[in-house]
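Throughout, read-outs are computed from the coordinates displayed, never taken from laboratory work. Everything numeric in this text was worked out from a predicted model, so none of it was measured. Methodologically, a virtual Cβ is constructed for each residue, glycine included, from the backbone with ideal geometry; neighbour enumeration extends over all protein chains shown.
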Amino acid sequence: MLVQQVHHVAYRCIDAKETVEWYEKNLDMKFVLAIAEDEVPSTKAPDPYMHVFLDAGHGNVLAFFELPRQAPMDRDRNTPAWVQHLALKVDSVDTLLQAKARLEAAGIEVLGPTDHTIFKSIYFFDPNGHRLELAADTATPAMMQQLDSVKRAMLEEWSQTKKAPKHAAWMHDASLTQP
């Protein structure tokens, strides 16, 4: 089996209509599909829902479920808020900066841009409390080759020590030579 691509990624939302309108307005995502059921197809549980789908580009789909009969939405409190997020790619740093300005003009608080060496990104929250990241790649082919060459060694060292390996310290230390 070889996965071809992500079919869709689904999250819960507070209000399906508000969510669709927010993503259309703030991220120019196209609303492509809505499915509503009174019963969960896989489990047959009586649990009405609205399932909405948005085009995230290149065949990727971002979906949301509104579940009016379930307990209020919450997040995993044992995981830091910065960990749980959805990163969406934009075509350039200029587009990233334009998106930041647009989001801030709409009253949305934006963190960044943050320079991750191989990409720059901004962070913000949607109306459901989901953390989003917009990222613009900045890596050179040499940088990516260097990271590829150390990935297994880094993973193995992490597995043994649970301490951050320094194989790619050049990414965060300007005094070191970048590939």
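Annotations
- Index of the failed condition, residue 66 passing every other in (1) farther than 26 Å from residue 5 by Cα; (2) surrounded by 12 or more Cβ atoms within 10 Å (Cβ to Cβ): (1)
- Residue count for the range 92-110, restricted to those that are within 15 Å of the chain's Cα centre (by Cα) and not in a helix (DSSP H, G or I): 1
- Residue in the range 34-52 that is of a type in the set (Val, Ile, Thr) and under 24 Å from residue 98 (Cβ atoms) present: no
- Whichever residue in the range 69-96 is surrounded by 10 or more Cβ atoms within 10 Å (Cβ to Cβ) and small (Gly, Ala, Ser) and, among such residues, is nearest to residue 4 (Cα to Cα): 87
- The conditions of being out of contact with any strand residue (DSSP E or B) (no Cβ under 7 Å at 6 or more places or on another chain), farther than 17 Å from residue 128 by Cβ and not aliphatic (A, V, I, L, M) are met by residue 41.
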